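Here the structure comes first, spelled out in structure tokens, and everything after it is commentary.
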Amino acid sequence: MASLKASPGVTTAMVALAAVWPADRQVLMVEADPDGGVLAARFGLSTEPGLASAAPGLRREPRSKLANHMQRLPGGGMVLFGPSSPDQARLIVTACAGRLCQTLAVTGDDALVDCGRLAAGSPAMPVAAAADVLVLVARPRLDELQHLAHRLPTLLQTSRNAALVLIGDSPYGPAEVEHALDEEMAFVAQLADDLRAAAAFNGHGGAGVRRLAASQLVRSARGVAQQLLSVPVQAAVPERVTLREASAR
């Protein structure tokens, strides 16, 4: 999961999707944002154990176990926290992005990976290339959509599937955006721009996630999760690491 411009809410979208993931499937959240992770700070937790503590093992052994480095959010989701320092995060993601993909591929679990802003040359680009589906998150505004349209052809050369999740529906809705894009996307969907529910998913606002089952954000997240899980996984090209080589999917 990544954005191409600004900060439309990739991390919030990841946590919302994990919260509504099917109960019969284990899903892991991973912060691989080269600009630094934010979830630990939002929930008042330590960033370690996390990606920083897992990195040495990942560099030595691509099948290193991640379980000892993951933490559970108050809402129940399992997450591998990224370092909060941008300098440290960039170094670690650069060093172990490929091995992280190999490790996730053999866990047998689904994984949602927050790659942050996917600028050209981002250290998280190997994750985007390996993903079964690269989920781009944007607000449906002209500046973000123009940037997306310019970058999309290049991204589609390395990603097997790309989907677009819009935060809100104004001024453009999913159908209008999908019609305007020249490139083929797995799907274009919408997450509600629900500030109260988003605050809860980020450890603020006082409302528990379970109490927000009827919120617009949760309802829309269920629809996006169903679309994401229904995308046919294409065969990987030679030498490319997949995120689910050994999973039940």
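The values are calculated or read from the model by the stated rules, or taken from the named source; none is laboratory data. Keep in mind the model is a prediction, meaning the values are calculated, not measured. Cβ placement follows ideal geometry from the backbone for every residue including glycine, while neighbour counts extend to all protein chains displayed.
Quick notes on this one:
- Filter result for LEU155 (part of a helix (DSSP H, G or I) and closer than 29 Å to ARG99 by Cα): yes
- Failed criterion for HIS69 (all others in (1) within 17 Å of the chain's Cα centre (by Cα); (2) crowded, with 17+ Cβ neighbours inside 10 Å hold): (1)
- Residues satisfying the stated conditions in segment 45-64, i.e. over 16 Å from ALA89 (Cβ atoms), in contact with a helix residue (DSSP H, G or I) (Cβ under 7 Å, 6 or more places away or on another chain) and among the basic types (Lys, Arg): ARG63
- Some residue of segment 16-30 being farther than 17 Å from ASN202 by Cβ and over 17 Å from the mean Cα position of the chain (by Cα): yes
- ALA40 satisfies every condition listed in (1) surrounded by 23 or more Cβ atoms within 10 Å (Cβ to Cβ); (2) closer than 14 Å to LEU80 by Cβ except (1).
- Filter result (in a strand (DSSP E or B) and either at positive phi or hydrophobic (A, V, I, L, M, F, W, C) (or both)) within segment 94-134: ALA111, LEU112, VAL113, LEU134
- Positions within segment 82-109 being crowded, with 22+ Cβ neighbours inside 10 Å, farther than 16 Å from ALA2 by Cα and not β-branched (Val, Ile, Thr), in sequence order: PRO83, CYS96, LEU100, LEU104
- Some residue of segment 235-243 being closer than 16 Å to PRO8 by Cα, of a type outside the set (D, E, K, R) and at pLDDT below 90: no
- Here SER46 fulfils each of the conditions (1) closer than 18 Å to ALA131 by Cβ; (2) surrounded by fewer than 17 Cβ atoms within 10 Å (Cβ to Cβ) apart from (1).
- Inter-residue pairs, beta-carbon under 9 Å, first surrounded by fewer than 17 Cβ atoms within 10 Å (Cβ to Cβ) and in segment 137-158, second among the aromatic types (Phe, Trp, Tyr), 6+ apart: LEU142/TYR172
- All positions within segment 80-90 that are over 12 Å from PHE43 (Cα atoms) and either touching a residue at least 24 places away in the same chain (Cβ under 8 Å) or among the hydrophobic types (A, V, I, L, M, F, W, C) (or both): LEU80, GLY82, PRO83, SER84, SER85, PRO86, GLN88, ALA89, ARG90
- Residues located in segment 84-140, provided they are touching a Pro at 6+ places or on another chain (Cβ under 7 Å) and within 25 Å of ASP193 (Cα to Cα): GLY116, VAL137, ALA138, ARG139, PRO140
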